[in-house]
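Coordinate-derived values only; no laboratory data. Since we're looking at a predicted model, the values are computed, not measured. Glycine gets a Cβ as well: all are built from the backbone with ideal geometry, and neighbour counts include every protein chain shown.
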Amino acid sequence: VPICLKVPRGEGEPVRKKVMEAGLLDLGRRIGRDGVHVLIPVTSPEAASLGYEIVEAELPSREVRETDYRKLADVPEDLREALPSSFDIIGDVAVIKLSDELMPFAGSVGGALMAALPRLKTVAVDKGVRGELRIREIEVVAGRASTLTTHLEHGARLEVDPALEYFNPRLSTERMRIASLVRDGEVVVDMFAGVGPFAIAIAKHARPSRVVAMDLNEDAVARMRRNIALNKVEVEAWQGDSRELIRSAPLADRVVMNLPHSAMDFLGDALARMNAGGTAHLYAICDRGDADGLTGQAAQCARDAGVRVSTTVQELKTYSPSSSMYALDVRLLERL
Ligand SMILES: C[S@@+](CC[C@H](N)C(=O)[O-])C[C@H]1O[C@@H](n2cnc3c(N)ncnc32)[C@H](O)[C@@H]1O
């Protein structure tokens, strides 16, 4: 039976806002009346923690459910335009970037997101990725306090806590592209594996003979080991600095290098451990228009490593107004 929060009429609007901020407003039904009370439709008995009685009541349903959180958020009208039209969803956690002027309304924005997308359990504000481990500084603004979640990607289940480990849900198509290139029996090394999305996609969708996945972040490697078990795939998870670890890695036919700000610094070491005919998939961020420069940098790394390569570059996604993330496929042609 559908449930509601029974609230004295004068308190209806502030309580409705609180219910929304808690992510518990049921947008599928209209607010009702019962004498001197209003009935606010809620999605869970947890709403009782706001200090009002929960009652059962059939309320008229709304024909059209609002799914655009920007129309629901309680923000000053002149700021509504500034609400981002896109955000990341990792499992049941939404991660959204807000401008400084919107930060005072982060709770309302989070509640509106949860009301518009009922499968969300948590909304967190993204305050930027920092440091060598590429961990996102995030602040939960609505829903459950924990950001640990399970993300589904092309049939793989990936546990991730975006507050402790880097994960980019926007690369799922790219991961499938790489998995589709892997031929039977290949040896694959993922030098910056995080919680394991590339390595697990490859082990799950292709038939490599060996997959070695490395990461410096101990949390990420522990999570990756759980994900390997969860998906029943064979991947070796190595914790440490891949610049060191790559020296004891098996000679690879394919190396994945997803550390966009500095992967190029590791390309020489990767090429030194690759079989002729093998490919390094390297991700790099640079100003749009400078993509040719990336090919030049790869060629220089190859010369320094004593190998000849051919490189193709494609733009993967926008990173900032003036820069993009590029995918480089660097094929090792021969050792000189
Ligand atoms: C951009 S994330 C990529 C994560 C994963 N491939 C994904 O798509 O979700 C880069 C990862 O490289 C790791 N890392 C940074 N420097 C490293 C190093 N020197 N050796 C090994 N891993 C490193 C970070 O901890 C982080 O998990």
Charge dipole magnitude, Cβ of K and R +1, D and E -1 - region 72-148, Cα centre, debye nearest 20: 420 debye
Residue-wise HN-Hα coupling along region 227-239, computed from phi with Karplus coefficients 6.51, -1.76, 1.60 (Hz; x: Gly, Pro): 5, 4, 5, 4, 9, 6, 10, 9, 9, 8, 9, 10, 9
Per principal axis, descending, Cα span of region 1-112 in whole Å: 42, 30, 28
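Based on the mean of other beta carbon atoms within 10 Å per residue, what is the order of 210-218, 67-75, most packed first?
Details: 210-218: 23.1, 67-75: 17.1.
Highest-to-lowest ranking by the protection proxy: 210-218, 67-75.
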Using each residue's phi in region 39-54, evaluate 6.51 cos²θ - 1.76 cosθ + 1.60 at θ = phi - 60° and report the 3J(HN,Hα) Karplus result to the nearest Hz, with x for Gly and Pro. 10, 9, x, 10, 9, 8, x, 3, 4, 4, 5, 7, x, 10, 6, 9
Counting just the Cα atoms, what span does region 264-336 cover along each of its three principal axes? Round to the nearest Å and put the largest first. 40, 17, 17
Residue by residue through region 64-77, the couplings from Karplus 6.51 cos²θ - 1.76 cosθ + 1.60 with θ = phi - 60°, in Hz, x for Gly and Pro, are 10, 8, 6, 10, 9, 4, 5, 7, 9, 5, 7, 10, x, 4
With -39,500 (n - 2.57) per DSSP H segment of 4 or more residues and division by the full residue count of the chain, the 222 nm estimate, nearest 500 deg cm²/dmol, is -7000 deg cm²/dmol
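Sort 304-310, 179-185, 193-199, 158-164 by the packing proxy (mean of other Cβ within 10 Å over each peptide's residues), most packed first.
Working: 304-310: 16.3, 179-185: 13.4, 193-199: 28.4, 158-164: 21.6.
Top of the packing list down: 193-199, 158-164, 304-310, 179-185.
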Run a plain Debye calculation on the chain (Cα atoms as equal point scatterers, no solvent) and give log10 I(q)/I(0) at q = 0.07, 0.08, 0.13 Å⁻¹, rounded to two decimals, same order as the q list. -0.38, -0.48, -0.96
Among PHE87, ILE228, ALA193, whose Cα projects farthest towards the positive end of the dipole of the chain, with charges put on the beta-carbon of Lys, Arg (+1) and Asp, Glu (-1)? ILE228
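What Kirkwood Rh does region 95-233 have if only Cα atoms enter the pairwise 1/r average? Answer in Å.
Details: mean 1/r = 0.0618 Å⁻¹.
After inverting the pairwise mean of 1/r, the radius is 16.2 Å.
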With every atom except the alpha carbons ignored, what do you get for Rg and Dmax of region 117-176, in angstroms? 12.3, 35
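At a Förster distance of 25 Å, what's the computed FRET efficiency of LYS204 paired with LEU148, Cβ-Cβ distance as r, to 0.05?
Working: r = 22 Å, r/R0 = 0.88.
The calculated FRET efficiency here is 0.70.
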